[in-house]
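Okay, structure first, notes after.
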Amino acid sequence: MVDRLNKQWQIELEKIIKDKKRLLSNPADLLSYGFDGSFGQYQPERVVQPINREEVADIMKLANTFGVPVYPRGQATCLSGGPLPVRGGIVLDTCKMKDKLTIDSENLTATVSPGVITSKIKEAAEKEGFFYPPDPSSAHVSTIGGNVAENSGGPRGLKYGVTGNYVLGLEVVTPQGEIIRTGGQTIKNVTGYNLTQLLVGSEGTLGVITEVTLRLIPKPKSRVSLLVVFDDLVASGKAISGILSSGIMPSAMEIIDQHCINAVERHKPAGYPVDAAAILLIELDGHPKAIEEEMVEADRICREIGAREVQTASDEEDQKKLWEARKLVSPAIAKIKPTKISEDATVPRSKIPEMFERLSEIREKYNVELVVFGHAGDGNLHPNILTDKRDQEEMKRVEMAVSEIFESAIEVGGTLSGEHGIGTMKAPFMEKELGKIGLEMMRRVKEAWDPNDVMNPGKIFPQDGQTKLVLTE
């Protein structure tokens, strides 16, 4: 814990960051760095914006010496509280570290600074004829450093996997201020412990990412999208299993329930059928001949299971409109009520219909505005609850509803998170999924890397015996 009366660390910090425009202490600035895309707000004592690894190393040496918490942060699009400065201290903003974005055409890799916006990597790769598949919905604003720290996913996770599947190597500053490199340019690397993948998804609790080496793949030759309309939500879940068990592997398969459909149409009309119980968006990519066959088969399966209508979009412009509308779901539903709580419970694909039924029961049981969308092809559902945090009675019901969502996911063989991470929001439920010993092994790793607990403390692990979600003040 930081000694609030000891200001020496703040004096020493000013010696490291001589450009005072990159060292923020104004109350308005501190307030703006106290929240992310989740529920909760805290205030740091300083915000620092390093521009190179050496500055990061010096900051971490200082923090470790004085016991000052450091919270790495990108664009703060995190939905689980990952960068929140829950114990004050320093927010380390990596967004100014964006000078490197190098495409290696011979090795099919990209080497990038942590502050580079994710969509810029995809654009740079495509100019060279390559493809960087991970596509979180926030890709146009989120940084690659944050994506790696949270192991972000997206619609194409079904076929191509998440961010961690494309991280070949990292440059990281440890909590003690040492600069290390893990992995490298090679596709195969089985030398010792896989420190690269240990750091991926560690949510900034083990070190600060200062450079990332990513794997690229050849760009698919062709792409087509289907919009499938259902009058029954559970039937749409069965269609997902039906398509995948047939041998077809879509690049993406998204589900949007009726509440989300109507929200999108009110927000920015996209032509979605407002009377549908759910729609599936299916993207197929690969060789044109293979796609033609898969498109016909997917159409047949969906209709047999009960689809009311199947629309095909092969034109690039039509496909763009379909998927842009999908990305509007989150901002559209945010207009329903002032507080949006976004979750990403993930279940085995065979359990999707059962999870839909459970979510419907939770909605009725607690009388909450619960909507569902997400990457249904890989079981990564996004139950969102729209509420008003000023209504304390409703917030109590929301707490119970969110807790039951997590518990239901675990009970059907799923996991607390498929891509948002644990942060502060899901920490109370970690032991329920991992067991006491499993969670303790994770604690031991954290303590070995960061014995003074200065690296993003208060995340992933339950705090002070915390066993339940608390959203109310």
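The values are calculated or read from the model by the stated rules, or taken from the named source; none is laboratory data. Every value quoted in this text rests on a predicted model; they were computed, and no experiment measured them. All Cβ positions, glycine included, derive from the backbone under ideal geometry; neighbour counts span all protein chains shown. Each accessible area value is taken on the protein alone, full model and side chains, heavy atoms only, with ligands, DNA and RNA left out. Shrake-Rupley method; radii C 1.70, N 1.55, O 1.52, S 1.80 Å.
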- [ ] Assess whether ASP58 counts as being among the acidic types (Asp, Glu), open to solvent by 20 Å² or more (accessible area, probe 1.4 Å), under 30 Å from LEU168 (Cβ atoms) and at pLDDT 95 or above.
- [x] yes
Open item on the list: Restricting to the range 222-235, and then to whatever is in contact with a helix residue (DSSP H, G or I) (Cβ under 8 Å, 6 or more places away or on another chain) and open to solvent by less than 10 Å² (accessible area, probe 1.4 Å), can you tell me which residue is farthest from ALA307 (Cα to Cα)?
Closed with: VAL224
Task: Selection count, the range 116-157, where residues are farther than 25 Å from MET249 by Cα and assigned to a strand (DSSP E or B) - done: 2
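Any chance the range 264-287 includes a residue that's part of a loop (DSSP other than H, G, I, E, B), over 21 Å from HIS375 (Cα atoms) and under 26 Å from the mean Cα position of the chain (by Cα)?
Going through the range 264-287, the residues part of a loop (DSSP other than H, G, I, E, B) turn out to be 268-277, 287.
When the remaining residues are screened for being over 21 Å from HIS375 (Cα atoms), the result is 268-269, 275, 287.
Within this subset, residues satisfying the condition of being under 26 Å from the mean Cα position of the chain (by Cα) are 268.
Yes: one or more hits.
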TODO: Output the number of residues of the range 61-80 satisfying the condition of being open to solvent by 10 Å² or more (accessible area, probe 1.4 Å), over 23 Å from the mean Cα position of the chain (by Cα) and among the aliphatic types (A, V, I, L, M).
DONE: 1
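Can you confirm whether PRO83 is within 13 Å of the chain's Cα centre (by Cα), touching a residue at least 40 places away in the same chain (Cβ under 8 Å), assigned to a loop (DSSP other than H, G, I, E, B) and within 28 Å of MET249 (Cβ to Cβ)? Before the answer, list the steps.
Working: within 13 Å of the chain's Cα centre (by Cα): yes; touching a residue at least 40 places away in the same chain (Cβ under 8 Å): yes; assigned to a loop (DSSP other than H, G, I, E, B): yes; within 28 Å of MET249 (Cβ to Cβ): no.
Considered against the rule, which asks whether it is within 13 Å of the chain's Cα centre (by Cα), touching a residue at least 40 places away in the same chain (Cβ under 8 Å), assigned to a loop (DSSP other than H, G, I, E, B) and within 28 Å of MET249 (Cβ to Cβ), PRO83 comes out as no.
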- [ ] Could you tell me which residue of the range 21-55 is farthest from the chain's Cα centre (by Cα), considering only residues that are farther than 25 Å from VAL172 by Cα and outside any loop (DSSP other than H, G, I, E, B)?
- [x] PRO27
- [ ] Pairs only if they're at least six apart or on different chains, beta carbon under 6 angstrom, first in the range 380-398 and of a type in the set (Ser, Thr, Tyr), second open to solvent by 10 Å² or more (accessible area, probe 1.4 Å); list them, first residue then second.
- [x] THR387/LYS337; THR387/THR339; THR387/GLU394
Open item on the list: Can you find a residue that is within 21 Å of PRO83 (Cα to Cα), within 22 Å of the chain's Cα centre (by Cα) and in a loop (DSSP other than H, G, I, E, B) anywhere in the range 430-448?
Closed with: no
Open item on the list: Quick check on the range 24-41: of everything there that is in contact with a strand residue (DSSP E or B) (Cβ under 8 Å, 6 or more places away or on another chain) and among the hydroxyl-bearing types (Ser, Thr, Tyr), which residue is nearest to GLN75 (Cα to Cα)?
Closed with: TYR33
TODO: Tell me which of these MET249 doesn't satisfy, since it passes every other one: (1) surrounded by 17 or more Cβ atoms within 10 Å (Cβ to Cβ); (2) farther than 17 Å from ASP318 by Cα.
DONE: (1)
Task: Residues satisfying the stated conditions in the range 316-345, i.e. open to solvent by 50 Å² or more (accessible area, probe 1.4 Å) and among the acidic types (Asp, Glu) - done: GLU316, GLU317, ASP318, GLU324
- [ ] Could you please tell me which pairs satisfy a Cβ distance under 7 Å, a separation of 6+ or placement on different chains, a first residue in the range 22-33 that is over 18 Å from ILE11 (Cβ atoms) and open to solvent by 50 Å² or more (accessible area, probe 1.4 Å), and a second residue that is assigned to a strand (DSSP E or B) and not polar (S, T, N, Q)?
- [x] ASP29/VAL47
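If you check VAL224, VAL212, VAL228, which single one turns out to be in a strand (DSSP E or B), farther than 30 Å from GLU128 by Cβ and in contact with a Leu (Cβ under 8 Å, 6 or more places away or on another chain)?
Working: VAL224 fails: farther than 30 Å from GLU128 by Cβ; VAL212 fails: farther than 30 Å from GLU128 by Cβ.
Selected residue: VAL228, the only one of VAL224, VAL212, VAL228 that is in a strand (DSSP E or B), farther than 30 Å from GLU128 by Cβ and in contact with a Leu (Cβ under 8 Å, 6 or more places away or on another chain).
Within the range 439-454, can one find any residue that is at pLDDT 95 or above, open to solvent by 30 Å² or more (accessible area, probe 1.4 Å) and under 27 Å from PRO383 (Cβ atoms)? Can you show your working first?
Within the range 439-454, the subset at pLDDT 95 or above is 439-454.
So of that shortlist, the ones also open to solvent by 30 Å² or more (accessible area, probe 1.4 Å) come out as 440-445, 447-449, 451-453.
Now restrict to residues that are under 27 Å from PRO383 (Cβ atoms): 442.
So far as the range 439-454 goes, yes, one or more of its residues are at pLDDT 95 or above, open to solvent by 30 Å² or more (accessible area, probe 1.4 Å) and under 27 Å from PRO383 (Cβ atoms).
Does LEU206 satisfy being among the hydrophobic types (A, V, I, L, M, F, W, C), in a loop (DSSP other than H, G, I, E, B) and open to solvent by less than 30 Å² (accessible area, probe 1.4 Å)?
Details: among the hydrophobic types (A, V, I, L, M, F, W, C): yes; in a loop (DSSP other than H, G, I, E, B): yes; open to solvent by less than 30 Å² (accessible area, probe 1.4 Å): yes.
Judged against the criteria, LEU206 is a match.
Hey, among LEU198, LEU170, which residue is at pLDDT 95 or above and under 24 Å from ASP344 (Cα atoms)? Talk me through it step by step, then tell me what you get.
Details: LEU170 fails: under 24 Å from ASP344 (Cα atoms).
Residue meeting the stated conditions: LEU198.
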